[in-house]
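A.B. asks: What follows is a structure written as structure tokens; I'll ask about it next.
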Amino acid sequence: IAASVINVILGFLGIIAVILILIGGFMWMTAAGNEEKTTTAKNVMAAGAIGLVIVLAAFGIAKFVVNALVTATG
């Protein structure tokens, strides 16, 4: 049960990170050359990419721990 909850939570966080990257891309495309808006868009995209990497790492670690626990108790 705990593994399913962890997978769902990490899935939602991954979706949020991808949405941030998409929002940053939209902001960049609609910046019309404005440096301030472009910088904001780049920062949003960077935050989304970093968040996605963190979520993927957490998913890998959680998968490893759950598999190790199942193997040890099975």
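A.B. asks: How large is ³J(HN,Hα) for each residue in segment 65-74, as worked out from phi by the Karplus curve 6.51 cos²θ - 1.76 cosθ + 1.60 (θ = phi - 60°), to whole Hz, x for Gly and Pro?
C.D. replies: 5, 5, 5, 5, 5, 5, 5, 6, 8, x
A.B. asks: Hey, another quick one. Relative contact order of the chain: what whole-number percent is it, with Cα pairs under 8 angstrom and at least 6 residues apart?
C.D. replies: Values: 52 pairs, mean separation 28.3, N = 74.
Here the relative contact order equals 38 percent.
A.B. asks: Per q in 0.14, 0.21, 0.22, 0.24 1/Å, what log10 I(q)/I(0) does a Debye calculation on the alpha-carbon atoms of the chain return?
C.D. replies: Here log10 of I(q) over I(0) equals -0.54, -0.83, -0.88, -0.96.
A.B. asks: While we're on this one: Measure nothing but the geometry: give the 0 to 90° angle between the long axis through the Cα atoms of 2-29 and the longest principal axis through the Cα atoms of the chain, rounded to 10°.
C.D. replies: Tilt of helix 2-29: around 10 degrees.
A.B. asks: What FRET efficiency do you get for residue 26 and residue 1 if R0 is 30 Å and r is their Cβ-Cβ distance, rounded to the nearest 0.05? Working shown, then result.
C.D. replies: Working: r = 38 Å, r/R0 = 1.26.
Computed FRET efficiency for residue 26 and residue 1: 0.20.
Any read-out appearing in this document is the output of simple, stated calculations on the displayed coordinates, not a laboratory observation. Computed from a predicted structure; not experimentally measured. Cβ coordinates were reconstructed from backbone atoms using ideal geometry, including for glycine residues, and neighbour counts include every protein chain displayed.
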